[in-house]
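**Q** Would you mind keeping the following structure in view while I ask a few things?
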Amino acid sequence: MKKRIILITFVFVTLMLTACSNNEAITKADERVKIGVMFSDAGLGDQSFSDLGLIGLEQARDELNISFDYREIKDTGTYEEGLEELVAQGNDLIIGLGFSLQEALETIAPKYPDTSFVLMDSVSDVPNIYNVTFKEDEGSYLLGALAAMKTKSNVVGFIGGMDTPLIQKFEKGFTEGVKSQNPEAQVLSTYANGFGDDKLGASIAKDMIAAGADFIYPAAGFTGVGAILEAQKAGIYSFGVDSDQYYLAENSIVTSMLKQVDIAVFNTIKEFVDTGKLDEKNKVLGIKENGVNLAPIRVINLSPAEQSKLEKLREDISNGSITIQ
């Protein structure tokens, strides 16, 4: 009888401890900061901006113990619907990952003034939308300078996704970088009016190659992937964008202009987790702020003088000695 009482007591205590442990786990899960993300129409798998954003989210989940959910427009129909779903979930911070989210965020955010929203890659004046943008022109300037140093034909090409102020920054930086080192070089420039058509990107690149271009820089998402593959097929050089895209064309991609979206997403979430708010309305990230950079240079060799010149340009941009007009 005594043994039975002891056994019953043991089972009861074990169940109580398990219940307490489960309740504690639920409480901790409930206390985690919840992040919602709406991706732009390029979506996951773009091998660029969106995929970098997901890397930042996963790092925040692993290191900051946050939870996150996301929506893609293919699943929701419109950006507004996706954002409404994320709000309804009770997310503490909602990130619109891409400039194309601006209009939708400006429609939704005023309806929920107690929720903080982040617009990545554009600028909104709505009070509860916090903006994170990049100095794409700084990294693109370095690419242009590099192309100008190594071009044999004195013709290089730029392909933009959409003719918007954001993509124009890539073009402007690239062109000024080229001219800083080789004023006689010609920069061919074409806008594809879309980020998702690799066949169109390949066609534009083919025309540029026929016109003599021996370096091509696409800032055009998946459209740009087509251009890069066409460049490799033709035996000329290209540059990646946003992420290190070397793996796409290992005989063509010299380097990539890194737009460190993953770092920006992680740091934004970390600030929110640490302080419960975002302090800076407009955050602008360039070379100095570790927002843009270049991937390792491959495929071609730089002389010591060329390497030194490129490093000096990076330093001068960082300290403000070079400004892109």
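**Q** Please enumerate the residues belonging to segment 165-179 that are within 20 Å of G226 (Cβ to Cβ) and either touching a residue at least 60 places away in the same chain (Cβ under 8 Å) or β-branched (V, I, T) (or both).
**A** Correct list: I167, F170.
**Q** Those residues that are among the aromatic types (F, W, Y) and part of a helix (DSSP H, G or I), I need them from segment 53-83; list them, please.
**A** Y79
**Q** Which numbered condition in (1) touching a helix residue (DSSP H, G or I) at 6+ places or on another chain (Cβ under 6 Å); (2) within 17 Å of F170 (Cα to Cα); (3) hydrophobic (A, V, I, L, M, F, W, C) is the only one that V284 fails?
**A** Against the list (1) touching a helix residue (DSSP H, G or I) at 6+ places or on another chain (Cβ under 6 Å); (2) within 17 Å of F170 (Cα to Cα); (3) hydrophobic (A, V, I, L, M, F, W, C), V284 comes up short only on (1).
**Q** Right, here's the next one. Scan (1) within 15 Å of G144 (Cα to Cα); (2) out of contact with any Gly (no Cβ under 9 Å at 6 or more places or on another chain); (3) not aliphatic (A, V, I, L, M) for the single condition D274 breaks and write down its number.
**A** (1)
**Q** Which of the numbered conditions does S256 fail, given that it passes all the others? Conditions: (1) part of a helix (DSSP H, G or I); (2) crowded, with 22+ Cβ neighbours inside 10 Å.
**A** (1)
**Q** Enumerate the pairs (first residue in segment 31-43 and farther than 26 Å from M162 by Cα; second residue anywhere and of a type in the set (A, V, I, L, M) and part of a strand (DSSP E or B)) with beta-carbon separation below 9 Å, excluding pairs fewer than 6 apart on the same chain, so at least 6 apart or on different chains.
**A** V33/L93; K34/L93; I35/L93; I35/I94; I35/I95; G36/L93; G36/I94; G36/I95
**Q** Check A60 against each of (1) in contact with a strand residue (DSSP E or B) (Cβ under 8 Å, 6 or more places away or on another chain); (2) surrounded by fewer than 23 Cβ atoms within 10 Å (Cβ to Cβ); (3) under 20 Å from E271 (Cα atoms) and name the one condition it does not meet.
**A** (2)
**Q** Tell me which residues, restricted to segment 210-224, are in contact (Cβ under 8 Å) with a residue 40 or more places away in the chain and surrounded by fewer than 24 Cβ atoms within 10 Å (Cβ to Cβ).
**A** Of everything in segment 210-224, those that are in contact (Cβ under 8 Å) with a residue 40 or more places away in the chain and surrounded by fewer than 24 Cβ atoms within 10 Å (Cβ to Cβ) turn out to be A211, G212, D214, F222.
**Q** Sticking with this one: Kindly indicate which of S243, S203, S256, S252 is closer than 23 Å to G53 by Cα and without any contact (Cβ under 8 Å) to a residue 60 or more places away in the chain.
**A** Criteria check complete, one pass: S256.
**Q** Go through (1) farther than 20 Å from F272 by Cα; (2) outside the structural domain of A211 (by TED's automatic domain parsing); (3) not charged (D, E, K, R) one by one and return the number of the condition A147 breaks.
**A** So the condition that A147 fails would be (2).
**Q** Also: Of all residues being in a loop (DSSP other than H, G, I, E, B) and out of contact with any Lys or Arg (no Cβ under 8 Å at 6 or more places or on another chain) in segment 303-324, which is nearest to V123 (Cα to Cα)? Just the residue, please.
**A** Top of the filtered list is T323.
**Q** Taking segment 83-101 as the region of interest, how many residues are within 20 Å of the chain's Cα centre (by Cα) and among the β-branched types (V, I, T)?
**A** 2
**Q** Related question: Return the total of residues in segment 126-143 being among the aliphatic types (A, V, I, L, M) and assigned to a loop (DSSP other than H, G, I, E, B).
**A** So the answer is 1.
**Q** Have a look at V123, V187, V156, V178 and point out the one that is part of a loop (DSSP other than H, G, I, E, B), over 21 Å from Y70 (Cβ atoms) and modelled with pLDDT of 95 or more.
**A** Just a single option satisfies the conditions, and that option is V123.
**Q** If you go through segment 102-117 one residue at a time, do you hit one that is part of a helix (DSSP H, G or I) and under 16 Å from the mean Cα position of the chain (by Cα)?
**A** yes
**Q** Right, something else. Do any residues in segment 97-115 that are hydroxyl-bearing (S, T, Y) have Cβ atoms under 7 Å from those of residues that are surrounded by 15 or more Cβ atoms within 10 Å (Cβ to Cβ), where the two are at least six apart or on different chains, and which pairs are they?
**A** What qualifies is S100/S40; S100/D41; T107/E80; Y112/V87; T115/V87; T115/I94; T115/N128.
**Q** Hey, among D46, D41, which residue is outside any helix (DSSP H, G or I), modelled with pLDDT under 85 and either crowded, with 19+ Cβ neighbours inside 10 Å or of a type in the set (V, I, T) (or both)?
**A** Residue meeting the stated conditions: D46.
**Q** Hey, can you tell me all the residues within segment 264-283 that are surrounded by fewer than 19 Cβ atoms within 10 Å (Cβ to Cβ) and β-branched (V, I, T)?
**A** Across segment 264-283, the qualifying residues are V273, T275.
**Q** So which residues in segment 218-249 are more than 22 Å from I263 (Cβ to Cβ), among the aromatic types (F, W, Y) and part of a strand (DSSP E or B), if there are any at all?
**A** Matches in segment 218-249: Y237 only.
**Q** Quick one: which of D30, D62, D51 is over 13 Å from the mean Cα position of the chain (by Cα) and at pLDDT below 95?
**A** Unique residue meeting the criteria: D30.
The values are calculated or read from the model by the stated rules, or taken from the named source; none is laboratory data. It should be emphasised that the depicted structure is a prediction, and the values quoted were computed from it without experimental measurement. Positions of Cβ are generated from backbone atoms using ideal geometry, with glycine treated the same way; all protein chains shown enter the neighbour counts.
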